1. Roughly how many percent of the accessible protein surface of the chain is carbon and sulfur, given a 1.4 Å probe and a whole-percent answer?
2. Specify whether the C-alpha gyration tensor of region 47-180 places it in the rounded, prolate or oblate class, a ≥ b ≥ c being the square roots of the eigenvalues: rounded for a/c under 1.5, otherwise prolate if a/b is larger than b/c and oblate if not.
3. Rank VAL127, LEU102, THR85 by how far each Cα sits towards the positive end of the charge dipole of region 55-135 (+1 on Lys, Arg Cβ; -1 on Asp, Glu Cβ) and give me just the farthest.
4. Using +1 on the beta carbon of Lys and Arg, -1 on that of Asp and Glu, and nothing else charged, what's the dipole of region 50-95 about the Cα centre, debye to 20?
5. In sequence order, what are the phi-derived ³J(HN,Hα) couplings for region 20-26 according to the Karplus relation 6.51 cos²θ - 1.76 cosθ + 1.60 with θ = phi - 60°, rounded to whole Hz, with x for glycine and proline?
6. Under 10 Å, Cα contacts only: if you run a Gaussian network model on the chain, which one of LYS201, LYS94, LYS134 comes out with the highest mean-square fluctuation?
7. Please state the charge dipole magnitude for the chain, taken about the Cα centre, from unit charges on C-beta atoms (+1 on K and R, -1 on D and E), reported in debye and rounded to the nearest 20.
8. Could you give the accessible area per residue of the chain, probe 1.4 Å, as a whole number in Å²?
Amino acid sequence: MKIDMHMHTIYSDGANTPEQMVARAKAVGLNGIALTDHNTIAGIERTRIAAKAVGLLLVPGKEVAIMHEGKRIGEILCLFLEKDTKKDIYPVNKIADLLDELKDQDAVCSIPHPFDDLIRKQGVVAVLEKKGKKPDAVEVMNGRNSAYMNALGLEYALKNKLGQTAGSDAHRMEEVGHCYTFCEANNLEEFRKMIKKKQSKAIGVQKSAAAILYHRLMARTSRLFGKLKK
């Protein structure tokens with residue numbers, strides 16, 4: 001099974017609707033997607049309906065910001081959610097509480113783009129290490145990360161014996177499926193278990209810096225145009 005485990009819609013900072021993201025995922029041959037809008041699950045039900053209509057699987061999720069002194073130092077991908085997290089945004093001193101919440105509902109906790117533009121000692125990775133907490137997985141391939149940053153994520157996952165996830169981090173439908181997580185699974189429950197058992201694989205196309213910038217600019221332009229139309 002192939003599931004793009006990281007994407008955003010108009011419910012956070014994405015340019016496209018859930019229906020458009022789902023249609024694109026179906027068109028590029030994915031078996032499912034994870035909806036991971038920033039700090040909200042508001043789009044989950046709408047996405048679930050759209051996915052069911054075309055025979056696509058949906059992993060309910062959200063990308064939760066971790067804050068320190070008013071600044072975002074990183075994020076946590078909350079995947080396979082059975083219920084919403086208690087907060088939408090967590091201060092760094094409550095990050096352990098978030099991991100415990102996810103563990104209690106047997107959700108998957110993955111650190112997205114762990115080595116993007118963050119100073120290592122200030123990032124989520126270092127905070128979890130200091131607290132003696134381990135995520136279930138690390139995003140080892142992100143569609144908007146450089147090859148070097150993705151390589152650092154893979155190196156960290158292997159060194160610390162963590163599961164691996166991959167996602168396009170799509171903010172526009174054209175990005176969907178550029179990266180995805182693969183598991184030899186027959187359903188979502190098997191897929192979830194294989195990530196936790198470290199039997200998942202990251203697959204995708206490594207984009208150039210120019211391509212990454214292009215998609216970022218196009219997503220922002222599309223969002224702005226959409227607001228102006230309203």
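The values are calculated or read from the model by the stated rules, or taken from the named source; none is laboratory data. Computed from a prediction, not measured in an experiment: that's the story for all the values here. With ideal geometry, Cβ positions are generated from the backbone for all residues, glycine too; neighbour counts draw on all protein chains shown. All accessible areas refer to the heavy atoms of the entire protein, side chains included, with ligands and DNA or RNA removed. Shrake-Rupley method; radii C 1.70, N 1.55, O 1.52, S 1.80 Å.
1. Numbers: 6010 of 11210 Å².
About 54 percent, which is the carbon plus sulfur part of the accessible surface.
2. Oblate is the answer for region 47-180, as a/c is 1.5 or above yet b/c matches or exceeds a/b.
3. VAL127
4. Values: 8 positive and 6 negative charges, 16 e Å.
The calculated dipole for region 50-95 is roughly 80 debye.
5. Once rounded to whole Hz, the list reads 5, 5, 5, 4, 5, 4, 5.
6. Looking only at LYS201, LYS94, LYS134, the largest GNM fluctuation is found for LYS94.
7. Details: 37 positive and 28 negative charges, 58 e Å.
Computed about the Cα centre, the dipole is about 280 debye.
8. Details: 11210 Å² over 230 residues.
Solvent-accessible surface per residue comes out at 49 Å².
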